[in-house]
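Remarks on the structure that follows.
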Amino acid sequence: MGTAGREQFIAVQKNGDGDLTAFKTSSGRVLGYDEALQEVQAGAIAGVNVFKGRDGGMYIRGDADGDPSNNLDQLPRFE
């Protein structure tokens, strides 16, 4: 499936530790981490994927494309 028709993350919220806690999509929806995780796993969000961390938890990360400017940590923050 290509990126056509799929949303992308355009902004993030972080907690005091710098961990991502919520995402804003290109259509303006705000998703909590767990909801975003489900949508990424379902293929509804372009440019990101889910990986299993060393602790066994599932996490969202940007697709590796060699461009650090579009990493999730680099996205603007929203309130």
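Bear in mind that the values in this text are calculations on the coordinates, not laboratory data. Since the model is a prediction, treat every value here as computed from it, not as a measurement. For neighbour counting, all protein chains shown are included, and Cβ atoms are generated from backbone atoms with ideal geometry for every residue, glycine included.
Could you identify the single residue in V50, V30, V40 that is of a type in the set (V, I, T) and either at positive phi or in contact with a Leu (Cβ under 9 Å, 6 or more places away or on another chain) (or both)?
It is V50.
Taking strands (runs of 3 or more DSSP E) that do not extend beyond the chain, which have at least 2 residues that are surrounded by fewer than 13 Cβ atoms within 10 Å (Cβ to Cβ)?
48-52
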